[in-house]
Structures are given as C-alpha cells and as structure tokens.
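> To start, I am sharing the structure in question, which I have written as structure tokens.
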Amino acid sequence: MKSTALVCCIIALLFISCATPEATQEELVKYVEDEGNGLKIKEEVGEFVFTLQYKPIEYMAINELGNKNGDTTGLAGTKEALSEMEQFNLTIESKDGKTEMLKNQIQNDEDYFRRIEYFSMAAEKDIKMISGKDTLPCVLYHFERSYDITPYSKMVIGFKKNAKENIEDRVISFNESILGIGTINFRVKNKDIKNIPQLIVAK
C-alpha cells in the first residue's frame, strides 16, 4: 500500500513539474522581453548593438490590442489573424546610446541616404530564417526609422511557419551589406519557445 502511494506521489510531482506555467497578459509581456528567458537576444558588433526579439502570437495580440490590463476581449480573433507566420523585431542601436543608428560613423550625407535606401528597400533580401535543414526567406518586412528621436531603428520581420517549428531552433541570419559588419546570427532555442507560459484567458 505504501509503495502504491509513493508511486502516485511521484507521478503527481512529475505531472506538476511538466505542466506549462500560466501568466497574465502583463506577466507574459515581461517574460517574453526578459533576456534571461532566451527570447530576446543582444549582440554587440563594432559600434552597434543588435537585438532580436521573438514574438509569440499571444504577445503580438496583446500589443496589437494595446491592452495589458487583463481584458481578453478580441484576443482570439487577433491571434488567428497573426497565426500565419512567425515574427520578430530586429533592432539596431548605436553603441553610444545617443547617435541615430543611420548616422553612426557616416562620412557624409550620401552615406546617410544610402543607409536609408538599404534598410527601407533592400535589407529584406539579406534576412533569412534557418530552421533545421530549411532556409526560409523573409516574407514580412517593415522598417521603422527613428528620425533622430532615438539611437535605434527597428525592423519588423516575419517568416512563413515551418512544418518543423515544434522541434527545431530558429536561427535568424542577417547578412547586412551597408554597415560593414557582415553576417550576424541569432539563435532562438526551441526549448525556450516551449517554455513560454500559457496566457490566462478569462472565461
């Protein structure tokens, strides 16, 4: 009898330890943006800081609705609209924290305008997602300039969902050709994606 009870306790503990944790909207946003959880990755190269932010569907839906106070109205429809691809933010910031990224280390206005043209119209083709043996092109691209307001600029990038998304890491590869840095890779581990808490939805 004691051995049976012990086995039951062990099974219960294993079930609890394997259960996906839950989070409110505010807690989920904080979790996703915490670098310690592997979904936000920073790389310093030369005079620039590159930051990749993985964006789960629930996280995007919360930001799309602009609501973190617990009201889940509209979440289901927004999540469905965002479910076709995996999205990331790729931010490039001047290392000094002051200079607009597009103006950092330029020699003249021509360099500045070349950078604007590159990030507005050409950078998309230099961004890929590698998942297992598959290399996927960037199918969503939007560049947000800072206009001297901030030292960083942001690219919103997206890729069609891979059939192997549940088992493979995602490597975002940016082979930039305007800052003189070359290829920079970010690896978002599948285990870190699997560890994302489940959003608590009000019933």
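We did not get these values from a lab; they are worked out from the coordinates using the rules stated. What you see is a predicted model; the values in this text were computed from it and never measured. Every residue, glycine as well, gets a Cβ built from its backbone with ideal geometry; the counts of neighbours run over all protein chains shown.
> Let's test the formula: R0 of 45 Å, r as the Cβ-Cβ distance of L65 and Q107. What FRET efficiency results, to the nearest 0.05?
0.55
> Classify segment 125-203 from the C-alpha gyration tensor, please: rounded if a/c falls under 1.5, else prolate or oblate depending on whether a/b exceeds b/c. Let's see the in-between values first.
Details: a/c = 2.23, a/b = 1.31, b/c = 1.70.
Judged from the Cα gyration tensor, segment 125-203 comes out oblate (a/c at least 1.5, b/c at or above a/b).
> What number comes out for the charge environment of F119, summing +1 per Lys or Arg and -1 per Asp or Glu over other residues with Cβ under 11 Å away? The partial results should precede the final answer.
On the way: positive: R114, R115, R145, K154; negative: E117, E124, D126, E144, E176.
Neighbour charge sum, excluding F119 itself: -1.
> Using a 10 Å cut-off on Cβ atoms, rank the peptides 183-194, 102-113, 151-162 from the highest mean neighbour count down. Intermediate results must be reported in sequence, preceding the final value.
Details: 183-194: 15.6, 102-113: 13.2, 151-162: 18.6.
My ranking of the peptides, most packed first, is 151-162, 183-194, 102-113.
> Hey, another quick one. For each pair in K95/K133; K95/K161; K55/K95, compute the distance between the two Cα atoms and list the pairs where it is over 31 Å. Numbers along the way, then the final one.
Values: K95/K133 34 Å; K95/K161 33 Å; K55/K95 24 Å.
Those over the limit are K95/K133; K95/K161.
> Under a point spin-label approximation (7 Å from Cα along Cα-to-Cβ), what is the K133-T183 distance to one decimal in nm?
Here the answer is 1.9 nm between the modelled labels.
> Using a cut-off of 14 Å between beta-carbons, work out the net charge of the residues near M101 (Lys and Arg +1, Asp and Glu -1, M101 not included). Write out the running numbers ahead of the final one.
Working: positive: K95, K98, K103, R114, R115, R145, K154; negative: E44, E47, E93, D96, E100, D111, E144, D148, E176.
Neighbourhood net charge equals -2.
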